[in-house]
Amino acid sequence: MNTYRGSLPLYHNDSQPLSLGCLGCTDKGQCGGLYTSDSLFDCLSFCCCSNGSSDYSKCQFVCRRNVEDYVNRHIEVNGWGFENIPRSAPLVYPSLPSVVPLLYGSSCRIGRLNAEVVALPLEKLFDHANGRLKFSTKEEVARTFGFDPAASLLISGVGQDRVIEYYWSHRRAAELPEQLTALQPALITVPNYSLFLGVPREDNLYSMKRIAICWSELVKNRLPTSLHVNARTDTDWERWTAFVAERDEVRSIAYEFATGPACIERGKWHAEKLVRLASEVGRDLQIVLRGGFYHLQKISGAFSEVVFIDTSSFMKTMKRRRLDWTSGEKKHWRSARTEQGEPLDELLQKNADTFRAMISPQLHKGQFALPFLEAGLLQ
């Protein structure tokens, strides 16, 4: 299914006129208004109760028609603006390898992965029922996930919406940012609260403000944190750019191309916005990426450091696939037969090492996408 084509009329398109209903909207300053190919009066056209029902309490998104919930959400995040996000002292951010393998667990392994830095999903580190951290030290984490405890830890906040909502709901009562300091992470990326297309824009503004709040809370606890700059429109990107530019404590940003920007054409728009952000901010910035192979050449030239999270090696290993690649040749994930009960440690190590060798040199040169595409490596 081509999700890009199906969603095309709802994507921001600055060549289209502003929707008429946006002209008098009280949130236009932070939203910027709708510019879409689809004929929409305003974003309330997306309200799930727009079928004539008067029971707006059933609306699952932040929506002005559900007045009580709208007011509560607005108060919860202290408005949609970024100006009241607390400032903090700049932190020292360690330099990281250009490729970092992501582990979801230690299934089918008995040893440990050897890597300079290992990435783990934030959602796997705390109890979703109460927000309590499952581990008290990084050594405990290393034993559970099967990696060398000497490795540095990158905690990735990217996850399914249902799962990362647990972080938001528990983070204060359970003091999750404070708990995470015990794991001594080298870097944390903020949960990527989604900016859906077919929803009232206030739902997007709520998600953006929550991202900024989570970043602020983590940095306040002296945790090097990468700000996830989710954006849907030109105005969203302008707001993030201004936020990063005026705060030198923002040293790292994060983005993922695996969902909304997964289509190459739409991903190009997001990649161009990331490059412009880096240019307009005008200082060294690290960027942490999940997905977006096609756009790495463009992005890598704009940032002082690019960290690419390898989500493939672990998943392909669990499916008994081996990465077959030599320099200049096309890559293949080939079937790797194993005996019943045979550990997958060697296969995972080989896949992670090969994946890193395949990407790292090109990424350092800032010449990733086109040579790899021409060689058929990204097919």
Sites residue 339 and residue 161, calculated FRET efficiency, Cβ-Cβ separation with R0 45 Å, nearest 0.05: 0.70
Percent antiparallel among DSSP beta bridges (both partners in the chain, rounded to 5): 15
Test item: Cα-centred dipole of the chain, Lys/Arg +1 and Asp/Glu -1 on Cβ, debye: 720
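What translational D, rounded to a whole number of µm²/s, comes out for the range 245-302 from Stokes-Einstein when the hydrodynamic radius is the Kirkwood one over Cα pairs, at 25 °C and 0.890 mPa s?
210
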Listed residues 104, 75, 206: farthest to the positive end of the dipole of the chain (Cβ charges): 104
Angle in degrees between helix 201-220 and the longest Cα principal axis of the chain, rounded to the nearest 10: 50
0 to 90° range, to nearest 10: angle between helix 67-76 axis and the chain longest Cα axis: 50
Exceeding the 20 Å Cα-Cα cut-off - candidates 124/268; 319/350; 330/350: 124/268
Degrees between helix 345-365 axis and first principal axis of the chain (Cα, 0 to 90, nearest 10): 60
Debye log10 I(q)/I(0) at q = 0.12, 0.15, 0.18, 0.22 Å⁻¹ for the range 202-316, Cα point scatterers: -0.41, -0.65, -0.95, -1.39
Residues 345, 236 arranged by fewest to most Cβ contacts within 10 Å: 345, 236
Whole-number D in µm²/s for the range 99-374 (Stokes-Einstein; Kirkwood sum over Cα pairs; 4 °C, 1.567 mPa s): 66
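Dividing the Cα convex hull volume of the range 70-179 by residue count, how many Å³ per residue is that?
Per residue, the Cα convex hull of the range 70-179 comes to 153 Å³.
Throughout, read-outs are computed from the coordinates displayed, never taken from laboratory work. Just so it is clear, the model here is predicted, and its values are computed rather than measured. Every residue, glycine among them, receives a Cβ derived from its backbone with ideal geometry; neighbour counts consider all protein chains shown.
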